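K.L.:
The following block contains the structure, expressed as structure tokens.
The values are calculated or read from the model by the stated rules, or taken from the named source; none is laboratory data. Computed from a predicted model, the values in this text were never measured in an experiment. Cβ coordinates were reconstructed from backbone atoms using ideal geometry, including for glycine residues, and neighbour counts include every protein chain displayed.
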Amino acid sequence: MDLFGKSPRPTFNDEMRLVLAKEIGKEIFEWCNGETSLKDCIADTDEILKQHSSDNGYELAKEFDDKGYSPDPQLVGILDGVWSSQHDLIVKAVKKWVIEDKIKPQFEVGINVIVKYGWEKVEGIITGAYPETAEYKVMIPSDGMTVEGSKRAIIKYENAELIPQTV
């Protein structure tokens, strides 16, 4: 859902994947001591990330093995950082989007809302926000959360809607 007619929230895309492939490809080039060219390391990484960007380091290392690399624990360690680096790229893009599109929370703390939580829509109460990433902190009683407790769901602004008032 677009917020207030603005562009949609950024998600991982081809441009981010290429940035990630360059970053990880450079680390792989250094790991293999230049036995494979930097260009090939980046190209191989990009190709693998097209299909496997959310895999863990071990699973990604198997993909590099299929391409002729000889994985070891050091390579698995490098590849374990892929998900974190991917997440960082998305957060950076979201923060930029929030500023450029002037995204503001639609609801205040204490408001009862219906939120998309996992595969369901459930009732919750907004207890705070992360305005830099356009997310609410929501207490969801049906998931065992309480006002006194510290557990909260992090919900994107666009995944929260006001509970319709009955007359």
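K.L.:
From VAL138, VAL147, VAL82, grab the single residue that is assigned by TED's automatic domain parsing to the domain that holds GLY57 and aliphatic (A, V, I, L, M). I'd like the intermediate steps shown before the answer.
P.N.:
Numbers: VAL138 fails: assigned by TED's automatic domain parsing to the domain that holds GLY57; VAL147 fails: assigned by TED's automatic domain parsing to the domain that holds GLY57.
Within the list VAL138, VAL147, VAL82, the selection yields VAL82.
K.L.:
Is there a residue in the stretch 88-102 that is in a strand (DSSP E or B), at pLDDT below 95, within 30 Å of ARG17 (Cα to Cα) and over 18 Å from the mean Cα position of the chain (by Cα)?
P.N.:
Checking the stretch 88-102: not a single residue is in a strand (DSSP E or B), at pLDDT below 95, within 30 Å of ARG17 (Cα to Cα) and over 18 Å from the mean Cα position of the chain (by Cα).
K.L.:
Does THR45 meet the test of being crowded, with 17+ Cβ neighbours inside 10 Å, of a type in the set (Val, Ile, Thr) and not in a helix (DSSP H, G or I)?
P.N.:
On the way: crowded, with 17+ Cβ neighbours inside 10 Å: yes; of a type in the set (Val, Ile, Thr): yes; not in a helix (DSSP H, G or I): no.
No.
K.L.:
Identify all residues within the stretch 69-87 that are surrounded by fewer than 17 Cβ atoms within 10 Å (Cβ to Cβ), touching a residue at least 40 places away in the same chain (Cβ under 8 Å) and outside any loop (DSSP other than H, G, I, E, B); write none if there are none.
P.N.:
Across the stretch 69-87, the qualifying residues are GLN74, SER85.
K.L.:
Here are some conditions: (1) farther than 18 Å from ASP80 by Cβ; (2) assigned to a helix (DSSP H, G or I); (3) among the polar types (S, T, N, Q). SER7 meets all but one. Which one does it not meet?
P.N.:
Unmet for SER7, out of (1) farther than 18 Å from ASP80 by Cβ; (2) assigned to a helix (DSSP H, G or I); (3) among the polar types (S, T, N, Q): (2).
K.L.:
Checking GLU27 against (1) assigned to a helix (DSSP H, G or I); (2) modelled with pLDDT under 95, which single condition isn't satisfied?
P.N.:
With (1) assigned to a helix (DSSP H, G or I); (2) modelled with pLDDT under 95 applied to GLU27, the lone miss is (2).
Results for (1) in contact (Cβ under 8 Å) with a residue 60 or more places away in the chain; (2) more than 15 Å from the chain's Cα centre (by Cα); (3) in the same structural domain as VAL91 (by TED's automatic domain parsing); (4) surrounded by 13 or more Cβ atoms within 10 Å (Cβ to Cβ), shown as yes or no for each residue.
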| position | (1), (2), (3), (4) |
| --- | --- |
| SER7 | yes, yes, no, no |
| ALA21 | no, yes, yes, yes |
| LYS26 | no, yes, yes, yes |
| TRP31 | no, yes, yes, yes |
| GLU35 | no, yes, yes, no |
| LEU38 | no, yes, yes, yes |
| CYS41 | no, yes, yes, yes |
| HIS52 | no, no, yes, yes |
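K.L.:
Okay, moving on. Quick check on my filter: what residues within the stretch 117-154 are within 19 Å of LYS6 (Cβ to Cβ) and part of a strand (DSSP E or B)?
P.N.:
Selection gives ALA129, TYR130, GLU135, TYR136.
K.L.:
Quick one: what pairs do we get from the stretch 142-167, first residue under 20 Å from VAL94 (Cβ atoms), second assigned to a helix (DSSP H, G or I), C-beta under 6 Å, 6+ apart or different chains?
P.N.:
none
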